[in-house]
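Asks: Have a look at this one.
The values are calculated or read from the model by the stated rules, or taken from the named source; none is laboratory data. All values derive from a computational prediction rather than experimental measurement. Every residue, glycine as well, gets a Cβ built from its backbone with ideal geometry; the counts of neighbours run over all protein chains shown. Side chains are part of the model used for accessible areas, which takes the heavy atoms of the whole protein and leaves out ligands, DNA and RNA. Shrake-Rupley method; radii C 1.70, N 1.55, O 1.52, S 1.80 Å.
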Amino acid sequence: MTALSKTKRYQAYPEYKDSGVEWLDEIPSSWQNAPIKYMALSKKSLFLDGNWIESKDISEEGIRYITTGNVGEGSYKEQGMGFVTQETFNKLNCTEVYAGDILISRLNNPIGRACIVPDLNNRIVTSVDNVIFRPDSTYEKRFLVYLFSSKDYFKHTSNLARGATMQRISRGLLGNIRVVFPIKEEQTKIANFLDHETAKIDTLIEKQQQLIKLLKEKRQAVISHAVTKGLNPQAPMKDSGVEWLGEVPEHWVVKPLNMATSKLSVGLATSVTNSYRDDGAPIIRNLNIKEGYFDGSDMLFIDEKFAKSEKSKVTRYGDVLMVRTGSNIGLACVTPKEFDQCHTFTTLIITPKSELNSHFLTYCINSAFGKSEVSRLKQGFGKDNLNVEELRRFQTLVPPYHEQSEIVEFLNQQILNIEQLITKSGNAVNIMKERRTALISAAVTGKIDVRNWQAPTSEYQAMEQTA
């Protein structure tokens with residue numbers, strides 16, 4: 001059953017007519033349409049861009065400055081803490097934003113998304129790419145925000161947006177978009193219905209997201225325990241000599257990575273970004289390295305002649321690849337067979353000795369212990385990075401090889417089971433989000449009639465409504 005078909009348990013309106021707007025077909029016969037800017041015609045109303053406030057105008061205290069990043073799909077997002085002084089406010093002749101105003105974002109997808117400004121316990125101004133919308137009293141603000149969160153509306157605003165690198169819609173085009181609406185009493189009914197129903201869906205989404213978080217924590221705990229304590233709970237233990245590692249099985253060896261590897265190197269360090277092409281020699285970048293697996297879905301290529309001149313910068317099947325710079329520093333995976341003899345760009349290439357299983361080493365690097373080691377070793381000014389000399393001192397756990405293989409086999413199965421549960425929960429979240437979007441779109445465009453809807457008065461009735 002699709003998300004949209006679920007809405008069919010609600011009644012339709014008895015009569016429909018042509019909507020008179022280009023992004024909708026039919027609407028209930030009693031509904032009207034008007035351009036958005038015509039919904040703000042009274043003296044107390046407003047439909048105006050925010051202010052052109054540059055980074056040099058931002059201060060650490062004063063009047064709160066909110067941007068397009070604070071405008072979510074139907075809700076306010078708390079992020080960033082910029083301010084402008086009263087002096088700047090006066091100099092730029094800023095328009096003050098009040099709690100209860102609607103902000104419509106003209107920038108970044110989904111374009112045209114909106115939220116109601118909450119009480120931030122401060123005076124507020126906003127950026128020029130937000131429209132301050134203070135509608136006439138004949139409109140229910142919550143209904144309008146839901147309308148500005150509907151699928152068909154977003155499709156239309158996306159078609160109107162312009163920009164080669166950053167899509168945005170002008171206030172003029174936004175204001176001329178015709179939208180549909182019933183009388184205010186009915187708008188309020190629809191808003192109440194959607195408040196109730198989306199809150200239930202949001203609760204279910206939150207529970208699934210919490211489950212995903214717990215499953216990811218379990219995955220990390222399972223990996224960390226297996227690679228630092230082994231699979232035998234009865235094994236005698238000894239002090240590892242590493243403060244944040246604690247005890248390890250007595251028969252395991254702890255040694256610096258350079259003593260357990262035959263080669264530690266870095267891929268191409270010179271910039272090749274201007275040499276990327278659609279075909280040629282494939283090159284592995286940091287984004288191809290995921291936590292425990294290789295992602296070859298977004299490969300780039302470099303000139304074949306250049307590649308041949310840099311034969312020493314290749315990774316071989318079974319080598320461990322490690323992210324050297326950036327936000328995902330320290331993530332590791334094993335080079336797959338199909339990328340044997342492949343060039344890499346700035347990534348660390350680790351070739352284990354015969355005593356060390358590549359997959360076991362990868363699990364170690366991606367474990368909590370490995371991440372602690374990376375945190376200890378990384379350095380850089382403005383950007384974290386790992387260099388080969390520091391990596392040589394990475395403390396490595398080396399159990400007997402047969403035990404490494406047993407741990408890898410155990411973890412492969414455990415991680416597969418956990419990943420299947422994470423995928424199942426992720427799919428459930430996506431279905432519920434689709435259901436939420438479909439319900440909003442159906443209600444604010446008159447596809448379903450909720451005029452007689454009443455909030456359930458008991459837990460049993462609530463369960464009946466979601467059945």
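Asks: Can you give the log10 of the normalised intensity I(q)/I(0) at q = 0.18, 0.26 Å⁻¹, computed with Debye over equal Cα scatterers of the stretch 82-169?
Replies: For the stretch 82-169 at q = 0.18, 0.26 Å⁻¹, log10 I(q)/I(0) is -0.87, -1.25.
Asks: Another one. Please calculate how many Å² of accessible area the stretch 370-444 carries per residue, with a 1.4 Å probe and no DNA, RNA or ligand atoms counted.
Replies: 51 Å²
Asks: For Lys213, give me every one of the aspartates and glutamates with a C-alpha distance below 15 angstrom, ignoring sequence neighbours fewer than eight places off in its own chain.
Replies: Cα-Cα hits under 15 Å: Glu419.
Asks: In addition: For a 21 Å ceiling on Cα separation, which of these pairs sit above it: Lys207/Lys424; Lys37/Lys189; Lys218/Lys371?
Replies: Cα-Cα > 21 Å for Lys37/Lys189; rest within.
Asks: So how many Å³ per residue does the convex hull of the Cα atoms of the stretch 211-280 work out to?
Replies: Hull volume over Cα atoms, normalised by residue count, gives 228 Å³.
Asks: Around Val97, what is the net charge, scoring Lys/Arg as +1 and Asp/Glu as -1 over all other residues with Cβ under 12 Å from its Cβ?
Replies: -1
Asks: Just to compare against my own numbers: the Cα pair-distance distribution for the chain, 10 Å bins, whole % per bin, please.
Replies: Over the chain, the share of Cα pairs per 10 Å bin runs 4, 16, 19, 18, 18, 16, 8, 2, 0 percent.
Asks: Compute the distance from the alpha-carbon center of the stretch 96-162 to that of the stretch 384-457, in whole Å.
Replies: So the separation of the two Cα centres works out to 31 Å.
Asks: Just add up the charged neighbours of Leu377: K/R +1, D/E -1, any other residue whose Cβ is under 13 Å from the Cβ of Leu377.
Replies: Overall, the nearby charge balance is +2.
Asks: Further, regarding this structure: Can you spot the lysines whose alpha carbon is less than 23 Å from Lys311's alpha carbon? Ignore those fewer than 8 places along the same chain.
Replies: Lys263, Lys337, Lys353
Asks: Let me ask something else about it. Under 19 Å between alpha carbons, and skipping anything fewer than 8 positions from Lys238 in its own chain: which aspartates and glutamates qualify?
Replies: Cα-Cα hits under 19 Å: Glu247, Glu250, Glu403.
Asks: What is the sum of charges around Pro249, taking Lys and Arg as +1, Asp and Glu as -1, for the other residues whose C-beta is under 14 Å from the C-beta of Pro249?
Replies: After counting each charged neighbour, the total is -3.
Asks: Taking H placed 1.01 Å from N in the peptide plane, check which residues at least 5 places from Asp384 or on another chain put their amide H under 5 Å from its amide H.
Replies: Gly326
Asks: With a 1.4 Å probe and every protein chain left in place, tell me how much accessible area Lys184 has, in Å² to the nearest 10.
Replies: Rounded to the nearest 10, the figure is 80 Å².
Asks: When the accessible area of the chain is computed with all protein chains present and a 1.4 Å probe, what percentage of it is carbon and sulfur?
Replies: Answer for the chain is 50 percent, counting heavy atoms of protein chains only.
Asks: Determine the per residue accessible area of the stretch 213-306 with all protein chains present and a 1.4 angstrom probe, expressed in square angstrom.
Replies: Roughly 57 Å² per residue, with all protein chains present.
Asks: Given H placed on each backbone N at 1.01 Å, which residues far from Glu26 in sequence or on other chains put an amide H within less than 5 Å of it?
Replies: Counting only residues 5 or more places away or on other chains, the set is Ser19.
Asks: Still on this structure: Give me the three principal axis extents of the stretch 314-461 from the C-alpha atoms, as integers in angstrom, largest value leading.
Replies: Ordered largest first, the stretch 314-461 gives principal extents of 72, 41, 32 Å.
Asks: Using the Kirkwood radius over C-alpha pairs as Rh, can you work out the diffusion coefficient of the stretch 1-123 via Stokes-Einstein at 4 °C, viscosity 1.567 mPa s, in µm² per second?
Replies: Here the translational diffusion coefficient equals 73 µm²/s.
Asks: So for the stretch 100-171, averaging the separation of alpha carbon pairs under 8 Å that are six or more residues apart and normalising by length, what relative contact order in percent results?
Replies: 41 percent
Asks: Next up: What Kirkwood hydrodynamic radius, in Å, does the stretch 203-319 give when the mean of 1/r is taken over all pairs of distinct Cα atoms and then inverted?
Replies: 18.8 Å
Asks: Taking only C-alpha pairs under 8 Å that are 6+ residues apart, what is the relative contact order of the chain in percent?
Replies: Here the relative contact order equals 18 percent.
Asks: Using amide H atoms built 1.01 Å from N in the peptide plane, name the residues 5+ places from Val266, or on other chains, whose amide H lies under 5 Å from its own.
Replies: Ile349
Asks: In the calculated pair distance distribution of the stretch 289-354, what percentage of Cα-Cα distances lie above 16 Å?
Replies: 46 percent
Asks: I would also like to ask the following. Rounding to the nearest 20 debye, state how big the charge dipole of the chain is about its Cα centre with +1 on each Lys and Arg Cβ and -1 on each Asp and Glu Cβ.
Replies: 500 debye
Asks: Enumerate the calculated ³J(HN,Hα) couplings along the stretch 189-202 in order (Karplus 6.51 cos²θ - 1.76 cosθ + 1.60, θ = phi - 60°), each rounded to whole Hz, writing x wherever the residue is Gly or Pro.
Replies: Result, rounded to whole Hz: 4, 5, 5, 4, 4, 5, 4, 5, 6, 5, 4, 5, 5, 4.
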